[in-house]
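Here's the structure we're looking at; comments come further down.
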Amino acid sequence: MYNLSCYSPGSFTLAGIPGLERFHVWIGIPFCAIYILAVVGNGTLLSLIAVEDSLREPMFFFLSMLATTDLLLPTATVPKLLSNLWLGSQEITFTGCLTQMFFLHFSFVVDSATLLAMALDRYVAICFPLRYASILTPQGMVKLAVSIVGRSFSVILPDVFLLKRLPFCGTRTIPHTYCEHIGVAQLSSADISVNIWYGFSVPLMTVISDVLFIAVSYIFILRAVFQLSSQGARHKALGTCGSHVCVLLVFYTPAFFSILAHRFGHRVPRNVLILFANLYVAIPPALNPVVYGVKTKQIQDRFLLLFSLKKTP
């Protein structure tokens, strides 16, 4: 019976943010505000794209995918974080932990692949403008979206089974505010070499490869832009990439900083690392619709039109 309970643990305990317990209520307020901003912003963006016929370009199709994922990513972690900070609800079932872990990593990989698809869209628009409509057809975009979701699902699902095979006979307190693959695996007394190697290979197969392909696409984009004879045409071409570059910086910069901090920042307090990890999954989804709303004229115009219609008696 003891061995069975090890392989089927009832629940885990999320430690929260150690050392800052007396500030939990105050820490939860900005996270709640950021989450509301992410939900409202991405929900509004999806509504505009769905109802406006003028926003039927491939760029807005990929933007709707990004907005959908940006709703899923913070929803996987922030509500449980708030219940931990405000209600002291630290317990999470083993099934709930696996579910949270899956959607957290799945959303991150889908986000990265969607940013690569958006880079492809900008590459085709600038380097092959006359063939843009024939290359990025509706059928082609649907196939690309299915391949993005299929790749993400196939590389993250093994994490669930790699954790289910492990015994958890010792402590079941996760030193974090949410469940992530290696953090849960480290609680097991069994050999987790497979988990470590797979956890190391997944970012290489997905996120790192996405970053490399994005970099290559922008090399070709810049080369094509600087071959344009008109300075105005150069500015216009680069302007179409501005919002995408901002989102790339918002998404990847904190991610790599977090990885480096966990790998080399041994002197960084644990609670600082936990706070930064939570900010990382909450802030980019909240900022992305703001960036596209500010830098994309079509979205600005439709949003202002929608707002003016609501004010008209």
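The values are calculated or read from the model by the stated rules, or taken from the named source; none is laboratory data. All of these numbers come straight from a predicted model, not from anything done at the bench. Backbone-built Cβ (ideal geometry, glycine too); neighbour counts: all protein chains shown. Protein only, heavy atoms only, side chains kept; ligands, DNA and RNA dropped before computing areas. Shrake-Rupley method; radii C 1.70, N 1.55, O 1.52, S 1.80 Å.
If the condition is being surrounded by fewer than 15 Cβ atoms within 10 Å (Cβ to Cβ) and within 24 Å of Val207 (Cα to Cα), then region 115-141 contributes only Gly140.
Could you please let me know if Leu144 is among the hydrophobic types (A, V, I, L, M, F, W, C), over 30 Å from Lys164 (Cβ atoms), open to solvent by 60 Å² or more (accessible area, probe 1.4 Å) and outside any loop (DSSP other than H, G, I, E, B)? Taking the combined requirement at face value, the residue does not satisfy it.
Looking at Phe226, Phe161, just one residue is exposed (fewer than 14 other Cβ atoms within 10 Å of the Cβ), over 30 Å from Thr296 (Cβ atoms) and free of Cβ contacts under 8 Å to residues at least 60 places away in the same chain, and that residue is Phe161.
There is no residue in region 165-175 that is under 22 Å from Val247 (Cβ atoms) and either open to solvent by 10 Å² or more (accessible area, probe 1.4 Å) or basic (Lys, Arg) (or both). Taken together, Ser243, Ser229 contain a single residue that is over 30 Å from Gly183 (Cβ atoms), outside any helix (DSSP H, G or I) and at pLDDT below 90, which is Ser229. For region 76-95, a residue qualifies if it is in a helix (DSSP H, G or I) and without any contact (Cβ under 8 Å) to a residue 24 or more places away in the chain, and the qualifying residues are Ser83, Leu87, Thr95. For region 236-252, the candidate set comprises residues that are of a type outside the set (S, T, N, Q) and within 15 Å of Ala125 (Cβ to Cβ); within that set, the residue that is most open to solvent (accessible area, probe 1.4 Å) is Lys236. Does region 207-230 contain any residue that is farther than 30 Å from Ser8 by Cβ and of a type in the set (Lys, Arg)? Yes, there is a match, as at least one residue in region 207-230 is farther than 30 Å from Ser8 by Cβ and of a type in the set (Lys, Arg).
Scanning region 167-189 for residues that are part of a loop (DSSP other than H, G, I, E, B), touching a residue at least 24 places away in the same chain (Cβ under 8 Å) and touching a Cys at 6+ places or on another chain (Cβ under 8 Å) yields Pro167, Phe168, Cys169, Cys179.
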